[in-house]
Amino acid sequence: MKSYRTTVTALKALRRNPMRALLTTLGIVIGVAAVIAMMEIGTGSSSAVQKSLSTMGTNVFLIFPGTAASGGVSFGVGSGTTLTPEDCDAILRECPAVRNATPVVRARTQVVYGNRNWVPSQMLGVTPAFLDVRSWEPLEEGVPFSDRDVQNANKVCLLGKTLVRELFEGQSPLGKEIRVKNVTFRVVGVLKAKGANMMGSDQDDILIAPWTTIKYRVTGSSMSSTNQSSSSGASSSVNTLSNLYPSGQPSLYPEISSVQAANSPMHIRFSNVDQIIVAAQNGSSIDAAIKQVTQLLRERHKLGPQDPEDFNIRNMTELANMLSSTTKLMTNLLLCVAMISLLVGGVGIMNIMLVSVTERTREIGLRMAVGARASDILRQFLVESVVLCLVGGSVGILLGHGGSRLVEMFLRWPVETSPAAIIAAVVVSASVGMIFGFYPAWKASRLDPIEALRYE
Amino acid sequence: MPLIQMRDIFKTYHLGEVDVPVLKGVSLQIEPGELVALMGVSGSGKSTLMNILGCLDHPSSGEYWLDGQEVSGLSSDQRANLRNRKLGFVFQNFNLLPRTSALDNVAMPLTYSAQHLSERQARQRAADMLKRVGLDDRMHHEPSQLSGGQQQRVAIARALINSPPLLFADEPTGNLDSRTSQEVLEMFTQLNRQDGLTIILVTHDPHVAQHAQRIIRIHDGVIVAPGSAPASSLSFSGRSQIAASETPGSNQGQTDHAASGGQP
């Protein structure tokens, strides 16, 4: 009851001077609006980064084959032929922390439909698990190819939106046949649009087919055309393995020449893949999954404890963490600036409250004369400044929210409403009111009623 | 039982190294239902005595019994409570809250007391009080829209809202013209006669003082003429120029009423 009366008294006192109350609270309004807008834009951009990261697949890491070198010439990462589809199967079978995995075979060649052609930036040979690993389910239309298609190296493919646009000009590509290096592929499905990834490359400029098809029907050989770096870095004559899969040979099981058999005393890998994409069960099991995969691959590749690994694992979450920590840093920096403006607003409140106390000295004296205790006066002035700050805070929340919506509308920045920021803004503005209102209120409550009544 | 009883009240201000004695042993007694004028020139200690009587200040030494309670040793919060319940104040410059309706001005002291009253009851009580001072048609006017006399009547209503037994009026007519002064003073006498309200008028104007039943004169920190009869004060008013320098001897025989009114 008492606090209600005090609040009413404080509100009435504020209403006596609405213009000044408005100007006083402007500092808080601007401060809180800045904080809210910063928080919303910050969380928006950081969740946009998260989203663009998750288009690359959630909790995903990549396994690349090790470096191949011949005659002292290194071909760089991924040039080795150490990864096989069987490795992928073994990972799926034996690593409990792994949710799914797919081998990837790359190709880069022209795709033709009718009188139009295009070279997709990515032409991947994968298993159906790819769609799960990259979180690309469901398809926009059609159905994905099956494991049977992979086994039989069937000539089917899925197209990304960019490729569909370039080749089909708005028609549905389902059931149509396209030619890839003179091999006809039937389009069975269209992938949903994913947009650009973090590096800015178009993820929809893609053709996906069973890896067996890409490997044996399109590239025909493992090294020379699939791996650009090795083929450009070294002449194919240097690489004895380049004859493993003679170009253009459609057979699933290439014959091994006797010379080759004689040159290779080891087990001959019938197929190698360019990369294996592995998805862990969840975010926290990535490290466990990497450990399990490393151990498994070392065993499978018969590496001794001292031997260097013949494969590389690249963890995408590191990139994700780096990017989100960068955006977080920027947000915090801007938040600091916004907090400073909130502080300045608080000083403004203190200033005006001090003026108000001086101006209303007689009123304070009168209130004391009719029986207000020092604590009543303290509370009244404190409530006044807290009310100012809270009103300023609420207006600031609305302004900041509206501002970030405008930014979203006109600049197309990603924005996300953040309830935490709103709560923080209310708490901060109330405590700014408390802290900066306390000194003037305390000063008012210390006044001697006799002096105050006589004050001119 | 007297409403106010003061015994040997001393008040000394400490201004740096120097001690300035303002009240030098004041003793007085006021019965319930009296209308007393407290007179004195400026610098006589009149305001200090008024502040101590009004529980705004505490004496350096001496006893002060208000309504049967020793109040000279109370803390400032206790004194605030006492002011709220037992005392009403009317000031020379009205001291109304600006840009606040008469009704809200009158209801203001209820903020610090009367917790049992709802907002509506509080407003009702304030409205009744305004009716009593004849301002029921001006309830929602702000002080700037009221004449001086009306403002002072609002102040009186505010002083009376907690139904105190004692009302202090500090130069209540100082800012009013003679006609409205008369109105306000008549209101005081009426309140005194009809409601038995004890009123202390602090003034230097003999015309005001003549409305009182008794005049207490203070000079140089001591009470010089605790007089009683209005008739005698009338006769003083005729020569108001020398009223301030009145000696105790000139109104002998009228000190009987203030039996305890003492000379040091």
Report task. In whole Hz, with x marking every Gly and Pro, tabulate ³J(HN,Hα) for segment B:24-41 from phi via Karplus 6.51 cos²θ - 1.76 cosθ + 1.60, θ = phi - 60°. Result -> 10, x, 9, 10, 7, 9, 10, 8, x, x, 7, 10, 10, 9, 9, 10, x, 6
Requested in this report: Note down the nm distance, to one decimal, between modelled labels 7 Å out along Cα→Cβ at A:SER325 and at A:LEU343.
Outcome: 2.6 nm
Requested in this report: Please figure out what share of the DSSP beta bridges in segment B:4-251 is antiparallel and state it in percent, rounded to the nearest 5.
Outcome: 55 percent
Query raised in the report: Roughly how many debye, to the nearest 20, is the charge dipole of the protein assembly as shown about its Cα centre, given +1 on each Lys and Arg Cβ, -1 on each Asp and Glu Cβ, and no other charges?
Result: 1200 debye
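What does the helix-only formula give at 222 nm for chain A: each DSSP H stretch with n ≥ 4 adding -39500 (n - 2.57), the total divided by the residues, and the result rounded to the nearest 500 deg cm²/dmol?
Details: 14 runs with 232 residues, N = 456.
That comes out to -17000 deg cm²/dmol.
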Query - Per-residue average of Cβ from other chains inside 10 Å of B:87-98 - result: 4
Report summary line: The set of residues whose placed amide H lies less than 5 Å from the amide H of B:VAL224, leaving out same-chain residues fewer than 5 positions away, is B:ARG217, B:ILE218, B:HIS219
Query raised in the report: Counting only DSSP beta bridges with both residues in chain A, what percent are antiparallel, rounded to the nearest 5?
Result: 80 percent
Report summary line: For B:LYS86, counting only lysines whose alpha-carbon sits under 23 Å away and dropping same-chain residues fewer than eight positions off, the answer is A:LYS2, B:LYS11, B:LYS46, B:LYS131
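A 23 angstrom limit on the alpha carbon distance is what I want to check against. Which of A:LYS155/A:LYS176; A:LYS51/A:LYS176; A:LYS215/A:LYS291; A:LYS443/B:LYS24; A:LYS155/A:LYS192; A:LYS291/A:LYS328 exceed it?
Pairs exceeding the cut-off: A:LYS51/A:LYS176; A:LYS215/A:LYS291; A:LYS443/B:LYS24; A:LYS291/A:LYS328.
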Requested in this report: Please say if segment A:1-131 is rounded, prolate or oblate, where rounded means a/c under 1.5 for a ≥ b ≥ c the square roots of the C-alpha gyration tensor eigenvalues, and otherwise the choice is prolate for a/b larger than b/c and oblate otherwise?
Outcome: prolate
Query - Centre separation in Å (Cα based) which lies between segment A:382-404 and segment B:1-22 - result: 50 Å
Requested in this report: Work out the mean other chain Cβ neighbour count within 10 Å for the residues of A:370-382 and drop it here as an integer.
Outcome: 5
Report summary line: Listed by chain and number, the residues whose amide H is under 5 Å from that of B:LEU38, excluding neighbours fewer than 5 places away on the same chain and using placed H, are B:LEU201, B:VAL202, B:THR203, B:ILE216
Requested in this report: Scan segment B:98-134 for trypsin sites (Lys or Arg not before Pro) in coil per DSSP, keeping those whose Cβ has at most 16 other Cβ atoms within 10 Å, and list them by number.
Outcome: B:ARG99
Query raised in the report: Using alpha-carbon positions, what is the distance between the centroids of segment A:271-304 and segment B:45-77, in Å?
Result: 90 Å
Report summary line: Other residues with Cβ under 10 Å from the Cβ of A:SER445 give, with Lys and Arg +1 and Asp and Glu -1, a net charge of +3
Requested in this report: Could you tell me which of rounded, prolate or oblate describes segment B:4-251, using a ≥ b ≥ c as the square roots of the eigenvalues of the alpha-carbon gyration tensor, with rounded for a/c under 1.5 and, failing that, prolate when a/b is larger than b/c and oblate otherwise?
Outcome: oblate
Query raised in the report: From the backbone phi of segment B:158-163, what are the Karplus-calculated ³J(HN,Hα) couplings (6.51 cos²θ - 1.76 cosθ + 1.60, θ = phi - 60°) in whole Hz, Gly and Pro given as x?
Result: 5, 5, 9, 5, 8, 6
Query raised in the report: What average number of partner chain Cβ atoms lie no more than 10 Å from the Cβ of the residues making up A:4-17?
Result: 3
Query raised in the report: Going through segment A:296-358, which trypsin sites (Lys or Arg not before Pro) have at most 15 other Cβ atoms within 10 Å and a DSSP loop state?
Result: A:LYS302
Report task. Please say if chain A is rounded, prolate or oblate, where rounded means a/c under 1.5 for a ≥ b ≥ c the square roots of the C-alpha gyration tensor eigenvalues, and otherwise the choice is prolate for a/b larger than b/c and oblate otherwise? Result -> prolate
Query raised in the report: If you line up the long axis of helix A:419-445 against the longest principal axis of chain A, both from Cα atoms, how many degrees apart are they, to the nearest 10?
Result: 20 degrees
Report summary line: Rounded to whole angstrom, the alpha-carbon centroid of segment A:93-140 lies from that of segment A:175-206 at a distance of 9 Å
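Coordinate-derived values only; no laboratory data. This one's a predicted model, so the numbers in the text were calculated from it and none came from an experiment. FYI the Cβ positions are ideal-geometry reconstructions off the backbone, even for glycines, and counts take in every protein chain you see.
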